[in-house]
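Enquirer: Attaching a single structure in C-alpha cells format; questions to follow.
The values are calculated or read from the model by the stated rules, or taken from the named source; none is laboratory data. A quick note: this is a predicted structure, and the numbers were derived from the prediction, not measured. Ideal geometry is used to build each Cβ from the backbone, glycine not excepted, and the neighbour counts take in all protein chains shown.
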Amino acid sequence: MKISVVIPCYNAAPWIGAALRSAAAQTLAPHEILVVDDGSTDGSLEAITASGVEVRLLRTARRGGAGARNEGIRAATGDWIAFLDADDVWYADHLERARALLRDEVAYLAHYDHLGLDGSFAQQEPFWPIEQPTNGLDERDFLRLFLGNQFFPSGALVVRRDHLLDIGLFDESQVRRHDLELWLRIVAGRRWCFDPVAAYGYRVDTPGSLSKNLASRERWFLLALLKNRDALRGPEMERLIRLGARRAMSHAHLHGDASDRREAAALAMEHLAPRDLAVFRAAALCPPLFAFLNRTRQRFGGPMAPP
C-alpha cells in the first residue's frame, strides 16, 4: 500500500512546517509527500525548506484548493492519496490505522480533534454514533450519519487514486466545500470505512480562513448537495437538501449582505420546506428584524436551532 500525501499550500508559512513534520513522522511511512504551492506570497517556500522534510514541490498559480489538490493527485505515484491541509497536523498513527482498517473499500475517514493557534490539542466528542472502527459502510450510511451532524473530516481522508481518477477529481468550479462534493461522488455506489479515533488536529481560527465567510460557505454546501442529487437520490438526500437550503438562507440573512441574500434565494427557495419558505418570504420584507429574531432564538435554542 503506497500512500502519497497531498498538501495544498497558500500563504501557510506559520503552519506548513508542523504539517510536514507530522506527515514525515507517521508510523507507516508515506510513499511520498507532495506539496502544491498555489502562488504563496509569504515565506511558505522558505518554511518548507526549513522543515527538513523531503517533499516533491509543485507550483500552481492561484487555482484554489481544488485545483492545487488535483495537481498533486495527477503527479502522485502512490496507489492511495491522503489529504492534509497545510495548517493541520496528523497524529503519528493516522496512516497505519487507515491501512489496518481498509479492506475492499475505496476510502477511509476518521474523527478529528481541534488544534489551537498555540499548538495545543483539544479532544472532541464523537460527531457520529460509531464506537468502533467500521468497514463496509455505503452511501446511505453516510447520508444518515451526515444528517445527524454535518462534519466532514477531509484531513483524515485516504482514498484510492484510481477511483479519484475515475470519478473526475475535485470539481474546480466548486470554489468551497469541494471536499464534500468530491466525497459524495466517492461513496456513490461504493464502500468506505470510518475510524472514530481522531486522526489529526484541525486548526481552528486560522487567520484568513475561508470558513469564516458563513454565507458563502453555506451556499456552496447546498450546491455540493444539489450536484449529487441524482446520483444519491433518496429520502436522506432530500432531507439534506432541505436542511442545506434552510442553512443557506439563514446564514445569508444573518451574516451576508443583499447580494448574498439574492444568491441564496436563487439557489435555495425552491428546495425549502413549506414552513421555511413562509419564514424566508417574510424575512425578505425586513432582513434586520429576521436577523435579530433568529439570533435571539439561537441564544436559547443553541447554534443549530432552525430559523
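Enquirer: Go through segment 188-226 residue by residue and tally those that are touching a strand residue (DSSP E or B) at 6+ places or on another chain (Cβ under 7 Å) and among the β-branched types (Val, Ile, Thr).
Expert: Of the residues in segment 188-226, 2 are touching a strand residue (DSSP E or B) at 6+ places or on another chain (Cβ under 7 Å) and among the β-branched types (Val, Ile, Thr).
Enquirer: Okay, moving on. Could you please let me know if Thr60 is exposed (fewer than 14 other Cβ atoms within 10 Å of the Cβ) and of a type outside the set (Asp, Glu)?
Expert: no
Enquirer: Going by the structure shown, is Ala98 under 20 Å from Pro14 (Cβ atoms), in contact with a Cys (Cβ under 9 Å, 6 or more places away or on another chain), surrounded by 19 or more Cβ atoms within 10 Å (Cβ to Cβ) and modelled with pLDDT of 95 or more?
Expert: Criteria not met by Ala98.
Enquirer: Another question about this same structure. Looking at segment 238-264, which of the residues that are of a type in the set (Gly, Ala, Ser), touching a helix residue (DSSP H, G or I) at 6+ places or on another chain (Cβ under 7 Å) and in a helix (DSSP H, G or I) is farthest from Leu143 (Cα to Cα)?
Expert: Ala252
Enquirer: Could you tell me whether segment 165-186 includes any residue that is assigned to a loop (DSSP other than H, G, I, E, B) and within 20 Å of Arg239 (Cα to Cα)?
Expert: Step one: filter segment 165-186 for residues assigned to a loop (DSSP other than H, G, I, E, B), giving 168-177.
Adding the requirement that they be within 20 Å of Arg239 (Cα to Cα) leaves 177.
Yes, the conditions are met somewhere in segment 165-186.
Enquirer: Hey, another quick one. Taking Ser209 and the conditions (1) out of contact with any Asp or Glu (no Cβ under 9 Å at 6 or more places or on another chain); (2) at pLDDT below 95; (3) closer than 30 Å to Glu96 by Cβ, which numbered condition does it fall short on, given that it satisfies the others?
Expert: Failing condition for Ser209: (1).
Enquirer: Quick check on this structure: which one of Trp80, Trp90, Trp15 is farther than 30 Å from Ile167 by Cα, in the same structural domain as Cys193 (by TED's automatic domain parsing), surrounded by 15 or more Cβ atoms within 10 Å (Cβ to Cβ) and touching a residue at least 12 places away in the same chain (Cβ under 8 Å)?
Expert: Exactly one of Trp80, Trp90, Trp15 is farther than 30 Å from Ile167 by Cα, in the same structural domain as Cys193 (by TED's automatic domain parsing), surrounded by 15 or more Cβ atoms within 10 Å (Cβ to Cβ) and touching a residue at least 12 places away in the same chain (Cβ under 8 Å), namely Trp15.
Enquirer: Tell me yes or no: at least one residue of segment 185-192 is free of Cβ contacts under 8 Å to residues at least 60 places away in the same chain, touching a Lys or Arg at 6+ places or on another chain (Cβ under 9 Å) and assigned by TED's automatic domain parsing to the domain that holds Leu137.
Expert: Yes: one or more hits.
Enquirer: Check segment 116-127 and report whether any residue there is part of a helix (DSSP H, G or I), in the same structural domain as Trp15 (by TED's automatic domain parsing) and surrounded by fewer than 17 Cβ atoms within 10 Å (Cβ to Cβ).
Expert: No, that holds for no residue.
Enquirer: Here's something else I'd like to know. Looking at this structure, is Leu165 modelled with pLDDT of 95 or more and surrounded by 14 or more Cβ atoms within 10 Å (Cβ to Cβ)?
Expert: No, not satisfied.
Enquirer: Answer yes or no as to whether Met269 is in contact (Cβ under 8 Å) with a residue 40 or more places away in the chain and more than 30 Å from Ala12 (Cβ to Cβ).
Expert: No: the conditions fail for Met269.
Enquirer: Right, something else. Checking the condition assigned by TED's automatic domain parsing to the domain that holds Ala82, outside any helix (DSSP H, G or I) and loosely packed, with under 15 Cβ neighbours inside 10 Å, which residue from Thr49, Thr41 passes?
Expert: After applying the criteria, what remains is Thr41.
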